[in-house]
Amino acid sequence: MSTIKGVIFDYGGTIDTNGIHWGEVIAEQYKNAGINIERELYRSAYVHGERTLAKSPVIMPEDTFHTLLRKKLAIQLEYLREQTGDGCFSAAKAEEIADGCYNKVKDTLSTSSAIVKTLSEKYPMVLVTNFYGNMPVVLKEFGLGKYFKCIVESSVVGIRKPDPALFALGVRALELPAEEIVVIGDSYRKDIYPSSTLGCKTVWLKNICWADEPIEEGYSPTAIIGNIEELPAIIEKINASEL
């Protein structure tokens, strides 16, 4: 078995939330802000927001993550106001929820950034992410940019997960055989399966998922963990052929 010589990281839902899907992160902040709505209505607002951001140039390359969140939540709550006519979905509430999400990410990064740093000292690393064109600014905002030799961002290269071609660009950037690379992500469908088809080893950071993600026969994760702090030890086990 080949040893690990390079690492590909997903960002959203992996480094920034420790495996908790962003839909769940935002839902928690809705509750903290005193907004309780039916699950299906919330999900439709979340999906509407993501589709709007994917189709329209709402997020600018210079936007920080805090700015991104404020724009994202403004779209969600505007949608909910239109659907329900309820004034509780106000611009002020959107700001409050965005601030709560931002603080949650800062808390998570106090741990996960240390893990990223530790791994970067042993392996060259590339970030492969579905994002909005401002990933370099976000990484700089949180002091993470120095750990990655390359950023492969969907909105920049014109390819989105789960297309394996996005991960193929990450493999090419590392200049290593796929079997010597481990991919870490929070989604089986978007991260683990497509990178597995390329021959990469994979670690599924499976914490709180948005939906069930059945494993395809022949493409099981090399390892499954529930906390990003487990990563260094898991990679060592992979290298020792213990998994």
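The values are calculated or read from the model by the stated rules, or taken from the named source; none is laboratory data. Please read all numbers here as calculations on a predicted model, not as lab measurements. So basically every Cβ, Gly included, is an ideal-geometry build from the backbone, and we count neighbours across all protein chains shown.
Can you spot a residue in segment 7-19 that is in a helix (DSSP H, G or I) and touching a residue at least 24 places away in the same chain (Cβ under 8 Å)?
Taking segment 7-19 first, the residues in a helix (DSSP H, G or I) are none.
Scanning segment 7-19, I find no residue that is in a helix (DSSP H, G or I) and touching a residue at least 24 places away in the same chain (Cβ under 8 Å), so the answer is no.
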Handout entry: From 41, 109, 80, residue being closer than 16 Å to residue 12 by Cα and not basic (Lys, Arg)
Key = 109
Practice task
Please enumerate the residues belonging to segment 148-172 that are surrounded by fewer than 21 Cβ atoms within 10 Å (Cβ to Cβ), over 13 Å from the mean Cα position of the chain (by Cα) and not in a loop (DSSP other than H, G, I, E, B).
Solution key: 150, 151, 155, 156, 157, 164, 165, 168, 169, 172
Problem - Qualifying residues in segment 185-212 (those that are over 18 Å from residue 125 (Cβ atoms) and of a type in the set (D, E, K, R)) - the one nearest to the chain's Cα centre (by Cα) - result: 190
Practice task
Return yes when residue 109 is in contact with a helix residue (DSSP H, G or I) (Cβ under 8 Å, 6 or more places away or on another chain), under 29 Å from residue 235 (Cβ atoms), hydrophobic (A, V, I, L, M, F, W, C) and part of a helix (DSSP H, G or I) and no when it is not.
Solution key: no
Handout entry: Selection from segment 207-243 of residues that are modelled with pLDDT under 95, closer than 19 Å to residue 25 by Cβ and in a loop (DSSP other than H, G, I, E, B)
Key = 207, 209, 210, 211, 212, 213
Completion exercise
residue 96 vs (1) under 18 Å from the mean Cα position of the chain (by Cα); (2) assigned to a helix (DSSP H, G or I); (3) surrounded by fewer than 20 Cβ atoms within 10 Å (Cβ to Cβ): all pass except (1)
